[in-house]
Amino acid sequence: MLPHRIRFHLFPLSLLSACAWPVLAGDLCGRVIDPSGAAVPGAAVEIYSRETPARTKTVSNDGGEFCLSGLPHGNYLAEASAPGFGGSTAAPASVGGDGPAFLALALGLEKVSTRISVTAASSAQSSDEISKALDVVDSNEMERRAEFSIPESLRLVPGVRVRQQGGPGSLASIHMRGMRSFDTSVLIDGFRLRDSSAPQGEATGLLEDLYAVNVGRIEVLRGSGSSLYGSHAMGGVLNIVSDHGGGPLRGSVETEGGGLGLFRGAARLAGAGWKQRVLYSGGASHLNVTRGIDGDDRTRNLTGHGYAQLRLRPSSVLSGRVLAANSFLQLNDSPYAAPDGNLPPAGYVTARPLPRDQVRRVESGLPVDWGAATFVPSANDPDNRRSSNFTSAMTAFTQQLGSLASVRASYQGLVTRRATRDGPGGTYFEPSFNNLSRYDSRIDIAQARTDIQASSWQLISAGFEFEREKYDNVSIEENSDPAQRSFSLAAVSQRSHSLFAQDQLRLLRDRLQISVSGRLQTFQLDRPQFEGGPPAYAGAGLGSPPNAYTGDAALAWFARTTGTKFRAHAGNGYRAPSLFERLGTSFFFGFFSPFGDPRLKPERTIGLDGGFDQYFASNRLKVSATYFYTRLQEVIVFDFSGVISPDTDPYGRFGGYRNTSGGIARGVETSVEATPTRSLRIHSSYTYTNARERVSTTIDGSLRSFNISDHMVSLLVTQRFRRRVDATFDFSAASSYDFPFFTAMGSRTFRFGAPIKGDLVLSYTHPVSDSRSLRLFTRVENLFNRAWYEGGFFTPGIWATGGLKLQF
């Protein structure tokens, strides 16, 4: 619940401002056309304010025309998009003076896509203005690829490594630029999505439950973003932007099913009312996988996502968004190392899996022929499962003050609940009795922000943010002897306050863009509560983490005559120790073990990148290249190498979290986007990453960063045949990577082979009427039937689904 002081001060201030600052309003109209000048009906038109975070959306009519009334006087950016076309170039517009402003938005058939984005600077920017490395995956691309999972939708983005440990619904993680999975900040409409009860307090445990049911686009910012978005944004930012609706009532109903026992259904509705003063959109989906990889990997997911916006008056906008998911997943045993006799005595271990027929013998408790195997993949565990749900609700009020300034008050409440149950069934490290581990967390964020257009070339933004997070961890062992049953509760909470500011300059007729931002964040840790567990932290000093000071600078130079943009970006990042890293415990075999260290210092990074974007052949070809460098000055690691010993550790730990020196991640990202013909689009990328640690956490002394491949390539090809048939092929491959397994000798490095995956989607769209169409599609996953392992977990071989989608 929003703290009373914030509710008292912010919202009356906004309402007072609404009464004290009269704002003039006007109309913005236009027409969407194709290269021949013909009208394009049904095109999505989005309008972004230059002075405020406000945006609105509509759809062109049968004549390609659109008109938005009651927009406050000021400067705007507009763009249009439609299936089968490249997006229009962002068009500036000014609302004011006599009569409506008019725009002609031309869609290209042979141009690479350009989009307005809101993540790189936390405000609207055209592609020419963006001074950081940013990619956009929009809903049209996700539909062409028949992707419904948000992590899988990002597999082709340069510098991004997506890992999924199994089939649909299994644990997913995202690594940007050689960094760890928790170095990526996940946002929903600019607000952090994370689980404060997770080991690093990040969003990794929620990624597999993120499905695109009402997503307009996903913006991927690579490089530090801590000065704008706070903790965890050291490697990059992933911003999931809701579809804002608008235009006439429209919707879709979709169903698909096939391999792995998968069935999925989805429905969506969007539109506008009250003369475009109300915009709304919403969607829901249900996923049910009955078999999975080994026939017993069941998973279910129910997701709902809605957005609404009300323009109370031309200068006042109230908006809200809800995203909620509920899921169930049948878990497998974690992979583990083969007996030491199968492993080399020194150096890294080549990861060779135990054959599937021998894994079945392991599951049945029969003797095993180890052969040359060095690890056991994820064996079936019949009584290990996880259930989870989360709800993220946001509301925001934006008030424009004249034509040059605005204020915005917003709040997000995020509740997550996870429960894992395990029993004596299974093959490896199983408890003697059924047990339950439950993790409940809540994060409240309240923010007040102002944007001031100091001049036609300068936008200043500043604000304050309050965040309160807490989690409860309950562990129960259901011993057959009631007297021996155990119960443990850990409840931890923390508050933080942040001040942030940004100055954006557009100089030399908008050819030079300069952005400077900074953030100060303070923390206050509350006294934790423990019940039923060991008094390991009873006398621990609980000082709050040091203040976080982060800064960021970026610039871009665009030469219009040559179609060249040069960009550079530098900044530092920060991640406060999570509540679990400071005070976390684990329950197993009837004992509670402390893992956390209240003395932990924060993680710190510094990074820079620079590159160029070059357009050729009238924007039919785009070539990009970026060099990046990130230095992890100090990090937190989970260590069981023997450095932490109960003889010297004040909490009696055998292992756990500790500070150590960080490493570096550097490399090059390149990409090519081309439209050789009106119906053919090609996008490819190559990334080289050199990620190394300064201090090894394995007994073999390896310094190579875990889960990171030195080389990654991706390819996306889309071909349209006669306007109704589409074929989309996407391909991703990475070189070998390292992953640690615990052995009798200690933690050792295992080297896994290259993950390679190709998917093919074929679709046919049949027009039912002027406003209705039926799309039939089939998706073939892992087309080449490549076998690889993510951290030792099985991944699916070739499998396929088919489906249909009714659009109206």
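The values are calculated or read from the model by the stated rules, or taken from the named source; none is laboratory data. Fair warning: this is a prediction, and the values are worked out from it, not measured in the lab. Cβ placement follows ideal geometry from the backbone for every residue including glycine, while neighbour counts extend to all protein chains displayed. Keep in mind that these areas ignore ligands, DNA and RNA; they rest on the heavy atoms of the full protein, side chains included. Shrake-Rupley method; radii C 1.70, N 1.55, O 1.52, S 1.80 Å.
Here the Karplus relation 6.51 cos²θ - 1.76 cosθ + 1.60, evaluated at θ = phi - 60°, turns the backbone of the stretch 655-670 into coupling constants of x, x, 8, 8, 7, 7, 5, x, x, 9, 9, 9, x, 9, 10, 10 Hz, with x for every Gly and Pro. Between Ala346 and Ser432, the FRET efficiency estimated from the beta carbon spacing at R0 = 51 angstrom works out to 0.90. In this structure, the amide hydrogen of Leu24, modeled 1.01 Å from its nitrogen in the peptide plane, lies closer than 5 angstrom to those of His73, counting only residues at least 5 positions away or on a different chain.
Here is the P(r) of the stretch 320-372: all C-alpha pair distances, binned every 10 Å from 0, give 17, 37, 20, 11, 10, 5 in whole percents.
For the chain, the longest principal axis of the Cα atoms and the long axis of helix 4-20 meet at an angle of about 10 degrees. Among 259-271, 718-730, the peptide with the highest mean count of other Cβ atoms within 10 Å heads the list, and the full ranking is 259-271, 718-730.
Summarising the amide proton neighbourhood of Phe750: residues at separation of 5 or more, or on other chains, whose placed amide H is nearer than 5 Å comprise Val349, Phe739, Phe741. With θ taken as phi - 60° and the Karplus curve 6.51 cos²θ - 1.76 cosθ + 1.60 applied, the whole-hertz 3J(HN,Hα) list for the stretch 376-385 is 9, x, 5, 6, 5, 10, x, 10, 10, 8 Hz, x standing for glycine and proline. Shape annotation for the stretch 357-515: C-alpha extents along the principal axes are 77, 47, 20 Å, from largest to smallest. Only protein atoms count toward the accessible area here, which uses a 1.4 Å probe; on the chain, the carbon and sulfur part of that area reaches 58 percent. On the principal axes of its alpha carbon atoms, the stretch 226-298 extends 52, 40, 12 Å, with the longest extent given first. Taking the average, over residues, of other Cβ atoms within 10 Å as the packing measure, peptides 779-786, 180-187, 121-128 rank 180-187, 121-128, 779-786 from highest down. Across the stretch 242-248, rounded Karplus estimates of 3J(HN,Hα) from the backbone phi angles (6.51 cos²θ - 1.76 cosθ + 1.60, θ = phi - 60°) give 5, 6, 8, x, x, x, x Hz, Gly and Pro being marked x. Sort the chain into rounded, prolate or oblate with this rule: let a ≥ b ≥ c be the square roots of the eigenvalues of the Cα gyration tensor; rounded if a/c is under 1.5, and if a/c is not under 1.5, prolate when a/b is larger than b/c, oblate otherwise. Prolate is the answer for the chain, as a/c is 1.5 or above and a/b outweighs b/c. For the chain, the solvent-accessible area with a 1.4 angstrom probe is 38 square angstrom per residue. Peptides 139-148, 674-683 ranked from most to least packed by the mean count of surrounding Cβ atoms within 10 Å: 139-148, 674-683. Modelled spin labels at Ser456 and Val725, positioned 7 Å past Cα toward Cβ, are 5.3 nm from each other.
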